[in-house]
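Student: First the structure, then my questions, so here it is.
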Amino acid sequence: MPQPSGTEPKLPGAATGSLERLCGRASADRPAGDRVRIGTGAAGIERLEARFHGQAFSPHRHDTYAIGITLVGVQTFRFRGERWHCLPGQCHILHPDETHDGGAATDAGFGYRIVYVDPCLIQAALGGGPLPFVGHPVVTADRLPAGFDREIWNIDEEIDEVARIALVAGWADLLVDVASPGAKPSAPLALVLLLRVREFIAADPTRRHAIETFEAISGLDRWTLARQFRAAFGTSPSHFRTMRQLDCVRRSLRLGMSLAQASAEAGFADQSHMSRHFKKAYGLTPGAWASAVL
């Protein structure tokens, strides 16, 4: 069931939009000079710039589209069983929930800017149907729309609602343009019903709910719900909840909260439980992430 025209779902975990400067100190978790700078964001959009040396990220997966551009050096990553290299000026696109790692291909390290886009925004822009899948994740500059580099990579520019809609529409068009051909046809998605479950989880991700609760909310049987939720949003209901918990953790860490406090606030059983999920989601330990950002 396509989403009604002109409507947009509520989006959890909006970026703060405040620019944070990084301190240059190293930690036991990361080399000196590695850093992350958070750019401005908006509902469903996060942007950042980073510089890393060596193997920056262990294998991990997140529930957003990741659209990045290499600024300096050569970035290398493993995606769907292949090793890829992304040169300066080239773009890389990673589908939600696909495992990948990341690092520098040379001793000089690499720098990049990246945008994380909520798949629900892409759904809204496209009007329903399965999410576009980009099987060849490295996109050369000649395949990018004119002006695309100026709009997407200016991560310090404030995003008002007009700009947010224009950016999302541009990203959706790019994803469709570079998507892998021959995708399997899909039955119409019950987006309105699926959004009820998504918004219910996002409203309080600290709580775990039974599958019967989701069936009652959506009116879908559990098998249809599981298949269509992934087709619509790129991940499972369980992983979607975990990622919203981790959004809470990241916000708490940026406010200076301890790892133990952040874990408890987000509803994790304990700090070690949170840390395992954090590294699986971002490829960094919470300590390394906090050290690079704060």
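The values are calculated or read from the model by the stated rules, or taken from the named source; none is laboratory data. These numbers were taken from a predicted model, which means no experiment stands behind them. When we count neighbours, we look across all protein chains shown, and the Cβ atoms used for this are built from the backbone with ideal geometry, even at glycine.
Student: Condition first: touching a residue at least 24 places away in the same chain (Cβ under 8 Å) and in contact with a Ser or Thr (Cβ under 7 Å, 6 or more places away or on another chain). Now tell me which residues in region 65-83 satisfy that.
Tutor: Within region 65-83, G73, V74 qualify.
Student: Do you know which of the residues in region 206-221 that are hydrophobic (A, V, I, L, M, F, W, C) and assigned to a helix (DSSP H, G or I) is modelled with the lowest pLDDT?
Tutor: I211
Student: If you go through region 263-270 one residue at a time, do you hit one that is over 26 Å from A226 (Cα atoms) and buried (at least 21 other Cβ atoms within 10 Å of the Cβ)?
Tutor: yes
Student: Quick check on H62: is it under 30 Å from P188 (Cα atoms), outside the structural domain of L284 (by TED's automatic domain parsing) and touching a residue at least 12 places away in the same chain (Cβ under 8 Å)?
Tutor: When the stated conditions are applied, H62 passes them.
Each row is one residue, and each column tells you yes or no for (1) more than 24 Å from R35 (Cβ to Cβ); (2) in contact with a strand residue (DSSP E or B) (Cβ under 8 Å, 6 or more places away or on another chain).
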| site | (1), (2) |
| --- | --- |
| D247 | no, no |
| R251 | no, no |
| Q261 | yes, no |
| F268 | yes, no |
| Q271 | yes, no |
| G283 | no, yes |
| A290 | no, no |
| V293 | no, yes |
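Student: Within region 262-294, can you find the residues that are of a type in the set (D, E, K, R), assigned to a helix (DSSP H, G or I) and over 23 Å from D101 (Cα atoms)?
Tutor: Correct list: E265 only.
Student: Kindly list the number of the only condition in (1) without any contact (Cβ under 8 Å) to a residue 40 or more places away in the chain; (2) under 27 Å from Q55 (Cβ atoms); (3) assigned to a helix (DSSP H, G or I) that fails for R196.
Tutor: Going through (1) without any contact (Cβ under 8 Å) to a residue 40 or more places away in the chain; (2) under 27 Å from Q55 (Cβ atoms); (3) assigned to a helix (DSSP H, G or I) one by one, R196 breaks only (2).
Student: Still on this structure, please answer the following. Within region 197-223, which residues are within 24 Å of F133 (Cα to Cα) and surrounded by 17 or more Cβ atoms within 10 Å (Cβ to Cβ)?
Tutor: Matches in region 197-223: V197, R198.
Student: Pick out the one residue from G54, G73, G68, G102 that is crowded, with 17+ Cβ neighbours inside 10 Å and more than 20 Å from the chain's Cα centre (by Cα).
Tutor: G73
Student: Another question, then. Check off (1) over 30 Å from Q90 (Cβ atoms); (2) in contact with a helix residue (DSSP H, G or I) (Cβ under 9 Å, 6 or more places away or on another chain); (3) not in a helix (DSSP H, G or I) for P188 and give me the number that stays unchecked.
Tutor: Unmet condition: (2).
Student: So which of R164, R227, R143 is at pLDDT below 90 and touching a Cys at 6+ places or on another chain (Cβ under 9 Å)?
Tutor: Result: R143 is the single residue among R164, R227, R143 that is at pLDDT below 90 and touching a Cys at 6+ places or on another chain (Cβ under 9 Å).
Student: Is it the case that region 100-113 has a residue that's among the acidic types (D, E) and at pLDDT 90 or above?
Tutor: Yes, region 100-113 contains a residue that is among the acidic types (D, E) and at pLDDT 90 or above.
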